[in-house]
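One structure below.
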Amino acid sequence: MASRIAVIGIIVEESDSVKELNQILHEYGEYIIGRMGIPYRQRGVNIISVAMDAPQDMINAMTGKIGRLAGVSAKTVCSKKAENIKYGEIGIKGKNRYIFEDALVRQIRYALQGVDGEFLVHKCHGRVYVDCDGDYDFDETVESLQKVFGIVGICPVVRVPVAELEQLRKDVVAYVDEAYEEKNMTFKVDARRAKKSYPANSMEINCEVGEAILEAFPEMKVDVHKPELRINVEIREEVYIYSRIIPGPGGMPIGTNGSAMLLLSGGIDSPVAGYMVSKRGVELEATYFHAPPYTSERAKEKVVDLARLVSAYSGPIKLHVVNFTDIQLYIYEKCPHDELTIIMRRYMMKIAEHFAKKDGCLGLITGESIGQVASQTMQSLAATNAVCTLPVYRPLIGFDKKDIVEISEKINTYETSIQPFEDCCTIFVAKHPVTKPNIERIEKSELNLAEKIDELMQTAIDTVEIIEVKQGE
């Protein structure tokens with residue numbers, strides 16, 4: 001009953017792993033319907049297709065073992081399935097809860113757009129479900145759902161028809177038997193009777209199902225406090241049985257906390273900052289300052305790539321590409337060189353705030369961390385803040401670089417961020433920048449720009465390039 005049809009595609013690029021691969025396939029031989037291998041000598045690889053009829057845990061276990069072999073990759077495509085989506089903070093939102101649930105459903109649908117398969121995302125009695133019709137890629141589906149803020153757990157569910165208690169006992173025993181080869185463990189049954197017309201209440205279901213499991217598998221023991229296996233049984237329009245919870249990213253659904261403008265560069269920090277603020281339900285727009293010919297077209301493409309990676313979590317991002325060259329050259333010509341970075345940052349903040357206010361954003365986001373570079377001392381941050389009327393959010397403010405790198409690796413932006421294409425902040429950096437700027441002195445230096453700076457800023461605003469960035473595009 002918990003068994004599923006699955007096809008696992010395997011590519012072997014390292015011949016030394018073939019023996020171990022065959023051992024794994026032999027280990028799961030009872031679940032394998034058939035297999036076919038194709039040697040592709042032109043590319044020096046072997047392509048193998050394995051058809052299975054097995055519980056989801058067995059499919060996952062075999063795929064995981066194969067994927068850990070050197071030079072071997074594996075992908076799984078499964079038959080119809082449902083996922084029960086667990087959320088966290090949304091559950092305590094009271095009368096406004098439906099707003100957060102609707103936002104979560106929208107974001108799940110967005111996240112699954114690029115996944116092969118037919119998906120029905122719907123709410124039902126305080127639950128969000130993803131029904132999967134026909135064949136679909138289980139691994140890719142889970143990977144996409146793990147990028148949806150608001151989800152704290154993804155539960156692969158076995159659905160069976162609502163039946164009398166005796167049949168329910170058999171259904172759950174069959175689920176345990178097929179899902180877990182090793183039975184020597186403690187367990188707890190956690191029943192929830194959403195369908196109040198069902199003849200047994202939740203406590204009676206717990207007792208009856210628990211008794212059936214103990215009778216079928218004497219080696220299993222009940223532990224209601226710290227069980228190794230928690231078997232969830234939900235009685236709704238169907239019976240939902242699940243025991244596995246795949247962690248989600250947490251946070252709040254995108255769109256439930258307004259929008260903000262991210263100052264996005266090609267570095268490591270700003271994509272992480274955007275990710276962290278969007279995790280709290282904030283929609284993102286972004287502004288990137290381009291300085292041709294001092295920065296290349298490839299540098300701009302790198303920033304677009306970073307925005308696309310962040311958009312897998314945040315949803316679509318409206319990216320403003322601002323030509324900042326003339327402003328930078330004018331500042332370089334007219335202002336003290338030790339103040340270049342601070343003054344340039346102040347004008348970047350002004351321009352980004354212009355677009356933020358125009359689009360109704362409620363704040364600016366930067367990737368600054370106290371003391372990381374000269375422009376990020378407390379005095380420098382105060383100097384850049386002074387030109388803004390919107391709040392400036394700095395989610396990385398107390399992070400070490402190591403912490404930021406770890407998050408960038410987790411969200412898959414690190415490898416793109418370290419590509420060797422300089423942005424405008426690094427091209428015009430001073431050799432000995434001021435670390436404790438005095439705001440009055442900075443404002444006095446900016447008086448040297450009075451003749452042309454307003455005109456240059458207006459030109460930069462009028463010539464902005466708008467790029468709508470979405471995942472997979």
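Would you mind listing the helices (runs of 4 or more DSSP H) fully within the stretch 280-389 where at least 1 residues are under 26 Å from His432 (Cβ atoms) and in contact (Cβ under 8 Å) with a residue 60 or more places away in the chain? Reasoning before the result, please.
Details: elements: 297-314, 325-334, 340-358, 378-385.
Here the list reads 297-314, 325-334, 340-358.
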Could you identify the single residue in Cys388, Cys361 that is under 32 Å from the mean Cα position of the chain (by Cα), within 26 Å of Tyr330 (Cα to Cα) and surrounded by 13 or more Cβ atoms within 10 Å (Cβ to Cβ)?
Cys388
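Any residue at all in the stretch 422-436 that's under 27 Å from Asn257 (Cβ atoms) and hydrophobic (A, V, I, L, M, F, W, C)?
Within the stretch 422-436, the subset under 27 Å from Asn257 (Cβ atoms) is none.
No.
Can you name the residue in the stretch 403-435 that is among the hydrophobic types (A, V, I, L, M, F, W, C) and in a loop (DSSP other than H, G, I, E, B) and, of all such residues, is modelled with the lowest pLDDT?
So, considering only residues that are among the hydrophobic types (A, V, I, L, M, F, W, C) and in a loop (DSSP other than H, G, I, E, B), the one modelled with the lowest pLDDT is Phe428.
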Anything in the stretch 175-201 that is touching a residue at least 60 places away in the same chain (Cβ under 8 Å) and of a type in the set (Ser, Thr, Tyr)? List them, or say none.
Tyr175, Tyr180
Quick one: how many residues across the stretch 68-115 are surrounded by fewer than 15 Cβ atoms within 10 Å (Cβ to Cβ) and either farther than 21 Å from Pro316 by Cβ or modelled with pLDDT under 75 (or both)?
12
Surrounded by 19 or more Cβ atoms within 10 Å (Cβ to Cβ) and not hydrophobic (A, V, I, L, M, F, W, C): which single residue out of Glu333, Glu353, Glu301, Glu297 fits that description?
Glu353
Condition check for Tyr240: of a type in the set (Phe, Trp, Tyr), buried (at least 17 other Cβ atoms within 10 Å of the Cβ), farther than 26 Å from Ala103 by Cα and at pLDDT below 95
no
If the Cβ limit is 9 Å and pairs must be 6+ apart or interchain, which residue in the stretch 160-174 that is touching a residue at least 24 places away in the same chain (Cβ under 8 Å) and surrounded by 16 or more Cβ atoms within 10 Å (Cβ to Cβ) pairs with which residue that is of a type in the set (Asp, Glu) and in a loop (DSSP other than H, G, I, E, B)?
Val160/Glu238
Subset of the stretch 310-353 [within 23 Å of Ser408 (Cα to Cα), at pLDDT 95 or above and aliphatic (A, V, I, L, M)]
Val310, Ile317, Leu319, Val321
Hits in the stretch 265-288 - residues which are more than 21 Å from Leu104 (Cβ to Cβ), modelled with pLDDT of 95 or more and not aliphatic (A, V, I, L, M)
Asp269, Ser270, Pro271, Glu285, Thr287, Tyr288
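More than 30 Å from Val160 (Cβ to Cβ) and either in a strand (DSSP E or B) or among the aliphatic types (A, V, I, L, M) (or both): which single residue out of Val18, Val50, Val7 fits that description?
Values: Val50 fails: more than 30 Å from Val160 (Cβ to Cβ); Val7 fails: more than 30 Å from Val160 (Cβ to Cβ).
Just a single option satisfies the conditions, and that option is Val18.
Quick one: which of Gly266, Gly255 is at positive phi and either assigned to a loop (DSSP other than H, G, I, E, B) or β-branched (Val, Ile, Thr) (or both)?
Numbers: Gly266 fails: at positive phi.
Matching residue, one of Gly266, Gly255: Gly255.
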Kindly indicate whether Ala273 is under 30 Å from Glu446 (Cβ atoms) and hydrophobic (A, V, I, L, M, F, W, C).
yes
List, please: which pairs have Cβ atoms under 6 Å, are six or more places apart or on different chains, and start with a residue in the stretch 28-47 that is under 15 Å from Val72 (Cβ atoms) and end with one that is among the hydroxyl-bearing types (Ser, Thr, Tyr) and assigned to a strand (DSSP E or B)?
Ile47/Tyr40
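The values are calculated or read from the model by the stated rules, or taken from the named source; none is laboratory data. From a predicted model like this one, the values you see are computed outputs, not experimental measurements. For neighbour counting, all protein chains shown are included, and Cβ atoms are generated from backbone atoms with ideal geometry for every residue, glycine included.
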